[in-house]
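None of the figures in this text is laboratory data; all of them are computed from the coordinates on show. Worth saying up front: this structure is predicted, and the values here are computed from it rather than measured. A quick note on method: Cβ atoms are made from the backbone with ideal geometry, for glycine too, and the neighbour counts reach across all protein chains shown.
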Amino acid sequence: MQDETPPVFRFAPSPNGELHLGHALSALLNHAMARRAGGRFLLRIEDIDRERCTPAFERQIIEDLHWLGIDWDEAPRRQSEHFDDYAAALDALGDAGLLYPAFLSRGEIRAEASRRSEMSGRSWPADPDGAPIYPGSDRELPEEERRALIATGAPFAWRLDMSAATAGLPPLPFVETGGSPDGRLGTFAADPAAWGDVILARRDVPASYHLAVTIDDALQGVTHVVRGRDLFASTSVHRLLQALLGLPTPVYHHHRLVLADDGRKLSKSARDTSLRALRQAGLTPADIRRMVGLDAAEAPPAMMPGAAGEWTEAAATD
């Protein structure tokens, strides 16, 4: 019997700044794909960073989305209200012996990577984001020494022991219907080892992006993850966590990015033009759709069943 459960999509902004055109594209695509597929659209507020996220930015996000004509099917899920969910996942991974506390700062990691590179005469490997792979200096610390360091109040992060986590696992496939960075579609094999021993939480932050997004998507029943192509490589970590924690695997759709005039990805930190500023300048939602490459006269691209039974994105009007 064919599964008649409606698909579930989500848009998950962080309220640590103003939405820009890149966010608008992602929100519009998710919303349109959900509606055309007869599915559900959810809004998630990723406010786990309590220092940078504010209620004022959250209110502005909701106002901007309503202005774009976007609605959602249930109250937003706020990560700050679900720390127990992330703690339970961390406990499960810890009980399986897959976590260890790591004490090196970013600067110390760079220095250690440079030292080891000089000693070996080979470049130290970097993760897909370009950061040095964690050298694993704390992985073999005796338990007594770890406890002593934690007792002193030393800052630390909980890292996933990647070698232990992937040992004996079969290949971890995922379906990609939007496009890898080189434009390919289809089924991919996850490569979590490319990230090294990733951070899953810090002493003062209950979950990293990787852990929180994986848990949230599973608990919310998200079936289709539609997000920017810059997060394609992160899917390998999420796929591994799904396997380790017994969670379902959504279909992934990594869409094109909205780029600045100089070719870089738009970002809040660079203070790229916000939707609020564009609104104040007199632009309309139709103008925003044109600016992100969606024809104002038509709905944004929809997720449509492909010939192979997978999902593909209908071509947008230039």
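Legend: P(r) of the range 34-89 from all alpha carbon pair distances, 5 Å bins from 0, whole percents, reading 4, 15, 22, 22, 17, 12, 6, 1. When the Cα positions of 82, 38, 72 are compared along the charge dipole of the range 13-85, 38 comes out farthest toward the positive end, with charges on each C-beta of Lys, Arg, Asp and Glu.
Dimensions of the range 161-211 from C-alpha coordinates, computed as largest minus smallest value along each principal axis and given longest first, are 38, 26, 14 Å.
Subtracting the Cα-Cα distance of residue 204 and residue 75 from 0.36 nm times their residue separation leaves 43.7 nm of extension gain. For the range 123-268, the normalised intensity computed at q = 0.14, 0.22 Å⁻¹ comes to -0.78, -1.50 (log10 of I(q)/I(0), Debye sum over alpha carbons, equal scatterers, no solvent).
Counting neighbouring beta carbons within 10 Å and listing from fewest to most, the residues 124, 158, 67, 72 come out as 67, 124, 72, 158. Give me the log10 of I(q) over I(0) for the range 181-243 at q = 0.15, 0.16 Å⁻¹, as the Debye formula computes it from C-alpha points; what are the numbers? Calculated log10 I(q)/I(0) at the listed q: -0.51, -0.58.
Determine one quarter of the surface area of the Cα convex hull of the range 69-112, which equals its mean projected area, and express it in nm² to one decimal. Mind showing how you got there, number by number?
Details: hull surface 26.0 nm².
Quarter of the Cα hull surface area: 6.5 nm².
Which FRET efficiency value, to the nearest 0.05, do you get for residue 257 and residue 149 by plugging their Cβ-Cβ distance into 1/(1 + (r/R0)^6) with R0 = 45 Å? Between residue 257 and residue 149 the formula returns 0.65. Here the range 1-130 is treated with +1 on each Lys and Arg Cβ and -1 on each Asp and Glu Cβ, and its dipole about the Cα centre works out to around 460 debye. Report, in whole Å, the centroid distance computed from the Cα atoms of the range 30-73 and the range 198-224. Result: 18 Å between the Cα centres. Between the listed residues 160, 98, 181, the Cα displaced farthest toward the positive end of the dipole of the range 82-192, a dipole computed from Cβ unit charges relative to the Cα centre, is found at 181.
The alpha-carbon positions of the range 15-58 define a convex hull whose volume is 69 Å³ per residue. Rg/Rh for the range 1-124 stands at 1.14; both radii use Cα atoms, and Rh follows the Kirkwood definition. Of the beta bridges in the chain, as assigned by DSSP with both residues counted there, near 60 percent are antiparallel.
So for the pair residue 117, residue 231, with labels modelled 7 Å out along Cα→Cβ, what separation do we get in nm? So the label points at residue 117 and residue 231 sit 2.9 nm apart. Compared with the alpha-carbon gap, the fully stretched path from residue 91 to residue 220 is longer by 44.4 nm at 0.36 nm per residue. Per residue, the chain reaches -10000 deg cm²/dmol at 222 nm when only DSSP H runs of four or more residues are counted, each adding -39500 (n - 2.57).
Magnitude of the charge dipole for the chain, about its Cα centre and with charges confined to Cβ atoms of Lys, Arg (+1) and Asp, Glu (-1), is about 600 debye.
Calculate, in nm to one decimal, what residue 193 and residue 103 gain on full extension: separation in residues at 0.36 nm each, minus their alpha carbon distance.
Details: separation 90, 0.36 × 90 = 32.40 nm, distance 2.06 nm.
Stretched fully, the residue 193-residue 103 segment lengthens by 30.3 nm.
What net charge is computed for the residues neighbouring residue 190, neighbours being all others with C-beta under 13 Å from the C-beta of residue 190, Lys and Arg scored +1, Asp and Glu -1? Don't skip to the end; give the middle numbers.
Values: positive: 239; negative: 176, 191.
Computed value for this residue: -1.
Our compactness index for the range 81-197, the C-alpha radius of gyration over the empirical 2.2 N^0.38 Å, is 1.28. For the options 293, 69, 153, a Gaussian network treatment of the chain with springs between C-alpha atoms closer than 10 Å singles out 153 as fluctuating the most. Exposure proxy shown here: for 21, 149, the number of other Cβ atoms within 10 Å sets the order, fewest to most, as 149, 21.
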